[in-house]
Amino acid sequence: MKKIIILKYGELTTKKDNINYFLKTLKNNINIILKDINHTITYDFGRMFIDVKSEDIEKTVEKLKCIFGIHEIIVGYISEDKSLDNIKTNILSLIKDKNFKTFKVFTKRSDKTFPLNSMEISKSLGGYILRNIPNIQVDIHNPELLVSAEIRKNEVLYYFNGLSGLGGYPVGTLGKGLLMLSGGIDSPVAGYLAIKRGVKIEAIYFESPPHTSESAKDKVIKLARLLAKYNTTVKLHVINFTRIQETILKNIPHEYLITIMRRMMYRISAIIAHNSKCNILINGESIGQVASQTLTSMRVINEVIKMPVIRPVACFDKLEIIDLAKKIGTYDISTLPYEDCCTIFVPEHPIINPSSIKAIEYEELIPFKDLIHEAIKNHEVISVDVEEDREYEDIL
């Protein structure tokens, strides 16, 4: 028998006429993630099969755990001998060393020329297992071990309990978005959730040297690299925000510092997103968490752009966001003690219900269009590839 990796799609099977597009994208994403492993991929509308060397099975499965669009990952076995006696012998050899007390047999007979139907095959296999393994019993509702055998046209496929995949949609099937990535806890989680829904992300980070350190930038690159596990790669746009931030600090009433600063960030992000063919902005705003995240603040800040903004964690509380950050591995990086430019000049009493009229009035005190143009013209692009742990940098 030969080992093979079997992928089940889950949600993708609901796509009907569009399923081939989703499956081709999933295959392409897997090829990218497995580029350092010799492999072949075949698929139909029900399953995807990945053939790798036996010694690469474990490494391959670990990589597949980070790919969206996969509902379940199973290591299975293929045999070309389709006789019932051989099927019984193969199943017994595969399960005899497994630790279980209850089991269920599931049989699928796609080859209708096979002399027994699915129910008859399951009954025969179940009886054979009971006769040859002591102290076990059948449990059709909640078995410890699910024994599956598929009688296909040219072979028999065997498999057992699988590993849960990430689900969601293959990255890129729903277009591209620009993630406003700070060094905090919330924005990487927001990026992860957007990727899960098939959105391929680029990211934008605002630095303010010398007020923010190189360590703060390195922290964001590490977060981008971790998100690249799920996104295949992340292009990170780094904006030098120093002149804009210092100009705001000198000329704008302090209670409006955050409001005006965020409006500038939104304007810059929307332009970068447009130039990068992104359809949306994504950020980690959570309703009521800080002054700029009240509903009034969000409205006043959001009104400077026409591009849609999605906020995947908007209705999460902080503990829910932290739990997810720990699950995906970003929490320890996000809590490193390096401040980003959103936290270094926070006023003592930021306004929580800003006025659009006042925001426009205060922005007229500074040459913000020129400052934005300069920041975009001179911004840095870093392509972060998790697999090869490399960064390619070039100045636009």
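The values are calculated or read from the model by the stated rules, or taken from the named source; none is laboratory data. It should be emphasised that the depicted structure is a prediction, and the values quoted were computed from it without experimental measurement. Cβ sites come from the backbone with ideal geometry, for glycine too, and all protein chains shown count toward neighbours.
Quick check on Pro188: is it modelled with pLDDT under 95 and over 27 Å from Val75 (Cα atoms)?
When the stated conditions are applied, Pro188 does not pass them.
Can you find a residue in the stretch 254-272 that is farther than 25 Å from Tyr362 by Cβ, surrounded by fewer than 22 Cβ atoms within 10 Å (Cβ to Cβ) and not acidic (Asp, Glu)?
Kept after step one, since they are farther than 25 Å from Tyr362 by Cβ, are these residues of the stretch 254-272: none.
Taking every residue of the stretch 254-272 in turn, none turns out to be farther than 25 Å from Tyr362 by Cβ, surrounded by fewer than 22 Cβ atoms within 10 Å (Cβ to Cβ) and not acidic (Asp, Glu).
May I ask you to list pairs of residues, at least six apart or on different chains, whose Cβ atoms are under 6 Å apart, with the first in the stretch 344-357 being surrounded by 15 or more Cβ atoms within 10 Å (Cβ to Cβ) and the second being in a loop (DSSP other than H, G, I, E, B)?
Partner pairs satisfying both residue conditions: Ile352/Thr294.
Of the residues that make up the stretch 44-51, is at least one closer than 19 Å to Pro170 by Cα and of a type in the set (Asp, Glu)? Please lay out each step first, then the result.
Filtering the stretch 44-51 down to residues closer than 19 Å to Pro170 by Cα leaves 44-50.
With the extra rule that they be of a type in the set (Asp, Glu), the set shrinks to 44.
Yes, there is a match, as at least one residue in the stretch 44-51 is closer than 19 Å to Pro170 by Cα and of a type in the set (Asp, Glu).
Kindly indicate whether any position in the stretch 298-319 is at pLDDT 95 or above, outside any loop (DSSP other than H, G, I, E, B) and in contact with a Leu (Cβ under 8 Å, 6 or more places away or on another chain).
yes
Just the residues that are among the β-branched types (Val, Ile, Thr) and more than 10 Å from Gly167 (Cα to Cα), please, taken from the stretch 54-78.
Within the stretch 54-78, the subset among the β-branched types (Val, Ile, Thr) is 57, 60-61, 67, 70, 73-75, 78.
Result: Ile57, Thr60, Val61, Ile73, Ile74, Val75, Ile78.
Do any residues in the stretch 198-218 that are under 16 Å from Met261 (Cα atoms) and at pLDDT below 95 have Cβ atoms under 7 Å from those of residues that are aliphatic (A, V, I, L, M) and surrounded by fewer than 17 Cβ atoms within 10 Å (Cβ to Cβ), where the two are at least six apart or on different chains, and which pairs are they?
Pairs found: Ser208/Ile344; His211/Ile344; Thr212/Ile344.
Name, by its number, the condition in (1) more than 26 Å from Asp218 (Cα to Cα); (2) surrounded by 15 or more Cβ atoms within 10 Å (Cβ to Cβ) that does not hold for Lys369.
(2)
How many residues does the stretch 54-97 hold that are over 26 Å from the mean Cα position of the chain (by Cα), in contact (Cβ under 8 Å) with a residue 24 or more places away in the chain and assigned to a loop (DSSP other than H, G, I, E, B)?
Going through the stretch 54-97 one residue at a time, the tally reaches 4.
Can you work out which of the residues in the stretch 187-209 that are assigned to a strand (DSSP E or B) and either surrounded by fewer than 24 Cβ atoms within 10 Å (Cβ to Cβ) or not small (Gly, Ala, Ser) (or both) is farthest from the chain's Cα centre (by Cα)?
So the residue we want is Glu207.
Would you confirm, using the coordinates I've provided, whether Pro143 is part of a loop (DSSP other than H, G, I, E, B), of a type outside the set (Lys, Arg) and crowded, with 18+ Cβ neighbours inside 10 Å?
Details: part of a loop (DSSP other than H, G, I, E, B): yes; of a type outside the set (Lys, Arg): yes; crowded, with 18+ Cβ neighbours inside 10 Å: yes.
In short, yes.
Looking at the stretch 5-29, I want the residues that are touching a residue at least 24 places away in the same chain (Cβ under 8 Å) and have a partner that is aromatic (Phe, Trp, Tyr) and in a helix (DSSP H, G or I) with Cβ atoms under 9 Å, at least 6 apart or on another chain. Which pairs are those?
Tyr9/Phe22; Leu12/Phe22
Could you check the stretch 1-18 and list, in sequence order, the residues that are part of a helix (DSSP H, G or I) and not polar (S, T, N, Q)?
Gly10, Glu11, Leu12, Lys15, Lys16, Asp17
I need the full set of residues from the stretch 98-131 which are surrounded by 14 or more Cβ atoms within 10 Å (Cβ to Cβ), touching a residue at least 40 places away in the same chain (Cβ under 8 Å) and polar (S, T, N, Q), in order please.
Result: Thr102, Thr107, Ser124.
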